[in-house]
Amino acid sequence: MSGGMQATVYGRLGKAARAIQTKTETAMAVGSMAVDTSHAKNPESTTWVSLVCFGRNAELLLACDAGSMLSAIGRVQVNKWESDGKAVEQLQVVVDSLHSARTIRTKTKGKPALKAVGWVT
């Protein structure tokens, strides 16, 4: 395991992920996840976390729709740049493992129920 901070983040994909072609033709995808960071002093706080995925995780991210509930585990880094003369920082997770919670409606003995389709790894 390399150094640095590892994190698990849960949230919803803000919009469809974007595929990026690398020089080595490795599958790569990026997306943004809205993470609920609310607390007593700020009950409606959301933090946007950028996801960077490679290989199979990139394929999985690209298969998710906007609004999909995701769990991502990976190395955290802070991406910094300047925009209109102002310093901007974005939390970024380089994903080692990506999971998607997908549910469908099924009927059980005449009653509607939610059934988990599964976790994608």
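Values quoted throughout were computed directly from the atomic coordinates according to the rules given, and no laboratory measurement underlies them. The structure presented is a predicted model; accordingly, all values stated were derived computationally and were not measured. Every residue, glycine as well, gets a Cβ built from its backbone with ideal geometry; the counts of neighbours run over all protein chains shown.
If amide H atoms are built 1.01 Å from N in the plane of the peptide, which residues on other chains or at least 5 residues away come under 5 Å of the amide H of residue 68?
When sequence neighbours closer than 5 places are left aside, the close amide H contacts are 13.
Ranked highest first by average number of other Cβ atoms within 10 Å, how do 53-62, 83-92, 23-32 line up?
Sorting 53-62, 83-92, 23-32 by mean packing, highest first, produces 53-62, 23-32, 83-92.
May I ask for the percentage of alpha-carbon pairs in segment 32-92 that lie more than 19 Å from each other?
46
Return the distance in nm (one decimal) between the two label points of a simple spin-label model at residue 96 and residue 45, each offset 7 Å from Cα along Cα→Cβ.
Simple spin-label model gives 2.6 nm for this pair.
Out of residues 5 or more away from residue 37 or on other chains, whose amide H comes under 5 Å of its own, with H placed 1.01 Å from N in the peptide plane?
Sorted by chain and number, the residues that satisfy this are 45, 46, 47.
At 0.36 nm per residue, minus the direct Cα-Cα distance, what do residue 30 and residue 15 gain on full extension? Give it in nm, one decimal, please.
4.4 nm
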